Amino acid sequence: MEIADSVLDLIGNTPMVHFRQVTRGLPAPVVAKLETSNPGGSSKDRPALAMIEAAERDGLLQPGGTIVEPTSGNTGVGLAIVAAQRGYKTVFVVTDKVAPEKIDLLRAYGGEVVVCPVAVAPEDERSYYSTAERLTNETPGAFRPDQYSNPTNPQAHYETTGPEIWRQTGGRITHFVAGAGTGGTLSGVGRYLKEQNPQVQIVAADPEGSVYSGGSGRPYLVEGVGEDFWPSTYDADVVDRVIPVSDRDSFLAARRVSREEGILIGGSGGTAAAAALQLAAEGTPDDLIVVLIPDSGRGYLSRVFNDDWMAGFGFLDADGPTVADVLRHREQRAEQSDQSDTPTLVYAQPGDTVRDVVDVMHRHGVSQLPVAKGAMPLAAAEVMGAVDELRIMEQAFSDPGVMDRSVDAVMHAPMPTIGIGQSLELAVSLLDSSPALLVLDGGRPRSVIARADLTAFLSSSQANGDAR
């Protein structure tokens with residue numbers, strides 16, 4: 001009978017399929033390795049099983065023990081499946097950028113989930129790395145697989161994923177593309193493929209801002225790929241090329257593949273697909289590009305495949321006049337009045353004094369500022385709060401010493417956000433209850449618009465007969 005003994009026996013041997021629609025007009029063919037068919041829906045099932053089996057062999061995980069792991073969701077699901085079969089408890093630590101359906105999924109498998117802020121350094125005690133380490137130390141019988149340093153992670157892909165790809169392509173593969181997360185997939189698959197043919201190119205698809213593509217690891221929106229530190233499971237010597245991919249290109253590629261190929265893929269799959277399509281445009285018909293699709297889009301329905309969420313971060317455009325039109329009108333007015341030296345986004349750093357922030361407001365003619373840490377281009381997660389002249393005036397009148405305090409001591413909640421492609425109707429509605437809005441473009445803060453900006457735009461539009 002063709003019946004598996006347990007769900008763990010269904011891990012691996014995932015299918016491959018041609019991308020026929022999204023590659024039209026491109027010289028090189030692209031084939032997708034669909035890790036979505038694993039029991040947990042992702043490539044992480046492979047190292048999850050291998051790491052737990054290795055821990056059992058080494059006596060690091062005893063019967064009835066607890067598995068603790070920081071995860072973006074997929075590794076957690078793989079570990080939860082193994083734990084269900086082997087009778088272990090699970091505690092998963094995630095960041096607050098992880099989609100809610102992923103958190104619900106981990107809980108559905110019986111896991112306890114702890115949520116940590118994403119916009120902190122790895123060494124910060126609030127980071128999900130530090131939190132997972134603390135919980136491991138505090139929990140009797142706990143074992144942390146530590147996918148970022150566990151050599152069994154890449155070894156699982158060396159022993160399974162790599163040989164599958166070589167066999168399924170008949171050894172014709174010329175390029176292998178995968179997202180760079182822990183680096184386990186790239187390192188394990190890459191090492192195996194290069195042992196078969198040293199000419200195979202191993203290409204890392206990486207979110208802009210991640211360390212693999214030269215960034216500092218500052219926050220980005222794509223989940224489950226990229227890092228803010230260098231995991232020991234990543235073998236840079238195996239990787240021939242790193243292609244940085246923006247949040248915008250990742251999400252739009254995921255939506256395009258899902259709609260045109262009928263294959264629902266996640267945001268990190270979009271990152272890999274975008275890099276693979278770039279390679280296909282550069283390649284020849286003799287190439288065979290294999291892109292690993294790490295998971296399904298079902299875990300991203302409230303984000304990547306939600307039009308309101310996409311529009312709110314500035315990835316989609318509405319019909320008719322939008323916030324972008326208001327910004328263009330303001331820039332034109334600034335050029336005409338010789339004020340074009342004003343930065344697109346004026347903001348305060350949390351350590352700036354209130355006195356200095358007031359000077360900045362007066363110098364640039366603004367009455368409210370976002371407070372954010374870091375240099376431009378900022379990430380939305382780096383915005384900490386906001387300040388405005390009215391509140392500063394009220395506080396300084398009661399306590400003159402306020403002027404010499406750091407602005408993070410007096411800031412209030414961040415101002416509401418709006419996507420650059422969202423409608424004027426929405427902007428008017430939001431400005432009814434807030435004096436200013438932070439404009440997001442491609443997931444990043446672009447500018448601030450106030451009531452006066454909309455009034456000036458509407459006045460000009462009406463004068464030209466364009467008002468709605």
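What follows is calculated from the coordinates using simple rules that are stated; it is not laboratory data. The structure displayed is predicted, hence computed values, not measured ones. With ideal geometry, Cβ positions are generated from the backbone for all residues, glycine too; neighbour counts draw on all protein chains shown.
Comparing the stretch 1-116 with the 2.2 N^0.38 Å rule of thumb, its C-alpha radius of gyration ratio is 1.26 (two decimals). Once the Cα atoms are used to define both axes, helix 354-364 deviates from the longest principal axis of the chain by about 70 degrees. Compute the long axis of helix 45-57 from its Cα atoms, compare it with the longest principal axis of the Cα atoms of the chain, and write down the angle in degrees, 0 to 90, nearest 10. Around 60 degrees separate the two axes.
Here the chain is treated with +1 on each Lys and Arg Cβ and -1 on each Asp and Glu Cβ, and its dipole about the Cα centre works out to around 700 debye. For the chain, the residue among I52, A436, V326 whose Cα projects farthest onto the positive side of the dipole built from Cβ charges is I52. Taking K33 as the anchor, which lysines have their alpha carbon closer than 29 Å to its alpha carbon, excluding any fewer than eight residues away along the same chain? Within the straight-line limit of under 29 Å, K33 reaches these lysines: K44, K97, K102, K194.
Rounded to the nearest 20 debye, the dipole size of the stretch 361-461 about its Cα centre is 240 debye, using +1 on the Cβ of Lys and Arg and -1 on the Cβ of Asp and Glu. Cβ crowding within 10 Å ranks F19, F229, F251 as F229, F19, F251, fewest other Cβ atoms first. Along the axis of the charge dipole computed for the chain (Cβ charges of +1 for Lys and Arg, -1 for Asp and Glu, origin at the Cα centre), the listed residues F457, G270, N197 are led at the positive end by N197.
Rounded to the nearest 0.05, what FRET efficiency do L390 and M1 have when you use their Cβ-Cβ distance and R0 = 60 Å? Step by step, r from the Cβ atoms, then E = 0.20. Placing unit charges on each Cβ (+1 for Lys and Arg, -1 for Asp and Glu) gives the chain a dipole about its Cα centre, and among S447, Y128, Y158 the Cα reaching farthest toward its positive end belongs to Y158. The ranking of F313, F397 by Cβ neighbour count inside 10 Å, starting from the fewest, reads F397, F313.
Remark: the E425-R259 segment gains 56.9 nm on full extension, using 0.36 nm per residue and subtracting the alpha carbon distance. For the pair the stretch 303-349 and the stretch 392-468, the centres of their Cα atoms are 11 angstrom apart. Working from Cα pairs under 8 Å separated by at least six residues, relative contact order for the chain is 14 percent.
Taking every DSSP beta bridge that has both ends in the chain, the antiparallel portion is near 35%. If I fit a long axis through the Cα atoms of helix 451-463 and take the longest principal axis of the Cα atoms of the chain, what angle between them do I get, 0 to 90°, rounded to 10? Its long axis makes an angle of about 80 degrees.
Just one of [x] 24.2, 74; [y] 21.6, 64; [z] 24.8, 82 is Rg and Dmax of the Cα atoms in Å as worked out from the coordinates here. Which one is it? Looking at Rg and Dmax of the Cα atoms in Å for this model, the match is [z]. Among S429, S37, S43, S258, a tally of other beta-carbon atoms within 10 Å of each Cβ gives an order, fewest to most, of S429, S37, S258, S43.
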